[in-house]
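Here the structure comes first, spelled out in structure tokens, and everything after it is commentary.
Values in this text are rule-based calculations from the coordinates and carry no lab data. Since the model is a prediction, treat every value here as computed from it, not as a measurement. Note: ideal-geometry Cβ built from the backbone for every residue, glycine included; neighbour counts use all protein chains shown.
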Amino acid sequence: MSMNVIDGEEGRPLLDLIIAGMTVVDRDGTRIGSVDKVEGGHLKICRADQEPRNQHQYVTPDWIAAVDDRVRLNRTFDEARRLWAHEPYAKRHHLQRAI
């Protein structure tokens, strides 16, 4: 883990620190995917485990715990998958679901 962790406590918008290609990990350190881009105030990630392959998924800014050499989420992968699969989540955040 990098020593230059930027977290939400410092007040800088974490989305501004994220660049394409960064690894996205859950709160346990499990790799979820990689950053495609920031789009519409959300983080757009590519998940290689999803069918069809390499579909995109969105992460709201409140899920981002910290940014260093990776984007670290405050959710587990299982929690994120359950929320992504839940239709009201997508509607509430005005997202197109990639399932």
Discussion item. For a protection proxy built on the mean count of beta-carbon atoms within 10 angstrom, sort 75-82, 58-65 highest first, please.
Written reply: 58-65, 75-82
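How far, in nm, would the chain grow between Asn74 and Asp62 when pulled straight, counting 0.36 nm per residue and subtracting the alpha carbon separation?
The Asn74-Asp62 span can extend by a further 3.5 nm.
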Response to the item:
Phi-derived 3J(HN,Hα) across the stretch 31-41 with the Karplus relation (6.51, -1.76, 1.60, θ = phi - 60°), rounded Hz, x for Gly and Pro, is 5, 9, x, 9, 6, 8, 5, 8, 9, x, x
Item to complete: Taking H placed 1.01 Å from N in the peptide plane, check which residues at least 5 places from Arg27 or on another chain put their amide H under 5 Å from its amide H.
Response: Leu73, Arg75, Thr76, Phe77
Worksheet item: Taking the Cβ of Ile19 as the center, what net charge do the other residues with Cβ under 13 Å away carry, scoring Lys and Arg +1 and Asp and Glu -1?
Response: -1
